[in-house]
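Participant: Structure provided below as structure tokens; questions to follow.
The values are calculated or read from the model by the stated rules, or taken from the named source; none is laboratory data. This is a predicted model, so every value here is computed, not measured. Here Cβ is always computed from backbone atoms with ideal geometry, including for glycine, and neighbour counts include all displayed protein chains. These area figures cover heavy atoms from the full protein model, side chains too; ligands, DNA and RNA do not enter into them. Shrake-Rupley method; radii C 1.70, N 1.55, O 1.52, S 1.80 Å.
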Amino acid sequence: MAVTFMQQEYLPPVAAPFAAGEFTIRALGEEDEAAALAFLARRAVHTVFLSTLIRDNGLASSLNRGTFYGCRNAAGQLVGLALIGHATIVETETDTALAAFAQLAQACPYLYLIRGEQARVAAFWQHYEPRGRRPRRIEHELLLELRPPVAVFAAMPGLRLATSADLNEILLVNAEMIAAECGVNPLARDPVGFRVRLLRRIEQGRVWVWARQGKVLFKTDVVANLAAAAYLEGVWVHPAERGHGYGLRCLSQLGRTLLKHSEAVCLAVNETATAAQDFYRQAGYKVSARYDTIYLQT
């Protein structure tokens, strides 16, 4: 059932490579994995999400909710890589590759959002916009990083990995957060797929919670967890428990845990969310880049 739902957002790759000037663009297969990961490793913090998808699912999988494309120069070297589908993310060294990826994105019927560093998204949008869909919502975000040395707050006994028993609580929290961020509730848009994807993340050991008397009061998703960086999203503290320091202690403890095997811990926060920014700064996070997310009309 999970594969069926995810295939609804899977862009069938073009049948054959096509040329863009001196470059060749084609869908990537498993034989390209080493080259793709090496290319993404050049800017590991900004590409950690793509690298994690490849390591988890391989290059050609409906679990990626899109298709990975590569752009190679005349010497056969990879100079651009893009995931085009539900979430479209582009990493490229050339404007020609960027334009070619934008052309592929224009043909994708399941494009939901475009995300990346502000300058890259703006350049991509210039190529995509003439024949693409209109934006429904644009969010400006700050990419924050936590690196050693870090401040140490009191430990939070009971901070643990989530289990399937926590699924229903986390499902409602995540749905509420996503609806507030992008204006669409995933439980209304894709209830089964949303549930399956969250359960898989829990089973992968990438959701952390702190609960008291069986009630989840803190949670966050570790969507990527590699040696170069770990990436968090959906950091949440129960409204009734905010202001007591529990969230700060949980986030700090989790950061120290992740930094034992990752060089940095990263997350994005809306540039208008000043209270959240202050919260992350207290935990030691610093601004490293500016991101844009463009949600498209359906």
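Participant: Out of everything in region 13-23 that is open to solvent by 20 Å² or more (accessible area, probe 1.4 Å) and of a type in the set (A, V, I, L, M, F, W, C), what residue ends up being modelled with the highest pLDDT?
Facilitator: Checked region 13-23; the qualifying residue modelled with the highest pLDDT is 23.
Participant: Moving on. Tally the residues that are open to solvent by less than 50 Å² (accessible area, probe 1.4 Å) and touching a residue at least 40 places away in the same chain (Cβ under 8 Å), restricting the search to region 45-63.
Facilitator: Selection size over region 45-63: 7.
Participant: Quick one: residue 124 ticks every box in (1) of a type in the set (Phe, Trp, Tyr); (2) open to solvent by 30 Å² or more (accessible area, probe 1.4 Å); (3) not in a loop (DSSP other than H, G, I, E, B) bar one, so which box is it?
Facilitator: The number of the failed condition is (2).
Participant: When region 219-265 is examined, which residues are found to be small (Gly, Ala, Ser) and either closer than 14 Å to residue 205 by Cβ or touching a strand residue (DSSP E or B) at 6+ places or on another chain (Cβ under 7 Å) (or both)?
Facilitator: Residues satisfying the conditions are 224, 229, 230, 234, 247, 255, 262, 264.
Participant: Go through region 148-190 and count every residue that is open to solvent by 80 Å² or more (accessible area, probe 1.4 Å), touching a residue at least 24 places away in the same chain (Cβ under 8 Å) and either in a loop (DSSP other than H, G, I, E, B) or touching a Pro at 6+ places or on another chain (Cβ under 9 Å) (or both).
Facilitator: Total meeting the criteria: 2.
Participant: Which one is surrounded by the fewest Cβ atoms within 10 Å (Cβ to Cβ) among residues in region 86-101 that are aliphatic (A, V, I, L, M) and assigned to a strand (DSSP E or B)?
Facilitator: Of everything passing the filter in region 86-101, 87 is surrounded by the fewest Cβ atoms within 10 Å (Cβ to Cβ).
Participant: Given the residues 26, 42, which is the only one that is in contact with a Lys or Arg (Cβ under 9 Å, 6 or more places away or on another chain), open to solvent by 60 Å² or more (accessible area, probe 1.4 Å) and not hydroxyl-bearing (Ser, Thr, Tyr)?
Facilitator: 26
Participant: Here is a follow-up. Among 104, 83, which is the only one that is open to solvent by less than 50 Å² (accessible area, probe 1.4 Å) and either polar (S, T, N, Q) or within 14 Å of the chain's Cα centre (by Cα) (or both)?
Facilitator: Numbers: 104 fails: either polar (S, T, N, Q) or within 14 Å of the chain's Cα centre (by Cα) (or both).
Every option except 83 fails the conditions.
Participant: Against the conditions (1) open to solvent by 30 Å² or more (accessible area, probe 1.4 Å); (2) within 23 Å of residue 164 (Cβ to Cβ); (3) among the polar types (S, T, N, Q), where does residue 274 fall short? Just the number, please.
Facilitator: (2)
Participant: Pairs, please: C-beta under 6 Å, at least 6 apart or cross-chain, first residue among the hydrophobic types (A, V, I, L, M, F, W, C) and in region 216-238, second surrounded by fewer than 22 Cβ atoms within 10 Å (Cβ to Cβ) and part of a strand (DSSP E or B)?
Facilitator: Taking only residues 6 or more apart or on different chains, the pairs are 218/237; 223/233.
Participant: Among 100, 60, 36, which is touching a strand residue (DSSP E or B) at 6+ places or on another chain (Cβ under 8 Å), hydrophobic (A, V, I, L, M, F, W, C) and at pLDDT 95 or above?
Facilitator: Values: 100 fails: at pLDDT 95 or above; 60 fails: at pLDDT 95 or above.
Only one candidate passes the filter, namely 36.
Participant: Moving on. So if I check each of 212, 249, 256, which one is touching a residue at least 12 places away in the same chain (Cβ under 8 Å), open to solvent by 10 Å² or more (accessible area, probe 1.4 Å), among the charged types (D, E, K, R) and under 30 Å from residue 41 (Cβ atoms)?
Facilitator: Numbers: 212 fails: under 30 Å from residue 41 (Cβ atoms); 249 fails: under 30 Å from residue 41 (Cβ atoms).
The conditions single out 256.
Participant: Output the residues belonging to region 129-147 that are assigned to a loop (DSSP other than H, G, I, E, B) and either surrounded by 12 or more Cβ atoms within 10 Å (Cβ to Cβ) or at pLDDT below 95 (or both).
Facilitator: Within region 129-147, 132, 133, 147 meet the criteria.
Participant: Kindly list, by first and then second residue, each pair from a residue in region 79-96 that is farther than 16 Å from residue 47 by Cβ to a residue that is among the acidic types (Asp, Glu), limited to pairs with Cβ atoms under 9 Å and residues at least 6 apart or on different chains.
Facilitator: Close Cβ pairs satisfying both conditions: 85/9; 86/9; 96/22.
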